[in-house]
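What follows is a set of notes on a single structure, which appears directly below.
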Amino acid sequence: MSVFYDHLVGLDDIHNEILEFDLPTRQHYHLLQIVDSTLHHEILNVILLEIPVEVHEHFLVEFNNRPHDPAHLDYLKLFSPEIEDKIRSRANLTKAKIIEELQRQR
């Protein structure tokens, strides 16, 4: 599923790390789904911390209806002008932790 913040996150580095395990295709993509879900929850947490509680429901409904819509970023910037940097930063931190854990498992 494509979401409005995909261009801020990128999974290539994690994908390459997972390739090192030479997993069967099904397991490889299952692991990528877990990573994607983890990143999604981390990013939603950042977003909800940045916007007023009063607009949480509105944002979540709109996001659920149109997850790919780039207008979501414009909406979020009304409340947090640096939201792109905050999303990127949390994604990078989370990916670094995941990569570190993957490297420990090799």
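FYI, it's all coordinate maths here, none of it is from the lab. Only a predicted model underlies this, so the values are computations on that prediction, with no experimental measurement involved. Neighbour counts are summed over all protein chains in view; Cβ atoms, including those assigned to glycine, are modelled from backbone coordinates with ideal geometry.
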Here FRET efficiency (C-beta to C-beta, LEU78 to MET1, R₀ 30 Å, nearest 0.05) is 0.75
HN-Hα couplings for the stretch 21-30 via Karplus (6.51, -1.76, 1.60; θ = phi - 60°), in whole Hz with x for Gly/Pro, come out as 7, 6, 7, x, 3, 4, 5, 4, 6, 5
Dividing the alpha-carbon radius of gyration of the chain by 2.2 N^0.38 Å, where N counts its residues, gives 1.17
Rounded to the nearest 10, the angle in degrees between the Cα long axis of helix 56-65 and the longest principal axis of the Cα atoms of the chain comes to 60 degrees
Note: ASN92 to GLN33 extended length (0.36 nm per residue) minus current alpha-carbon separation gives 19.5 nm
Rounded to the nearest 10 degrees, the helix 83-105 long axis (Cα) sits at an angle to the longest Cα principal axis of the chain of 20 degrees
Proxy exposure order for LEU8, LEU44 (fewest C-beta within 10 Å first) is LEU44, LEU8
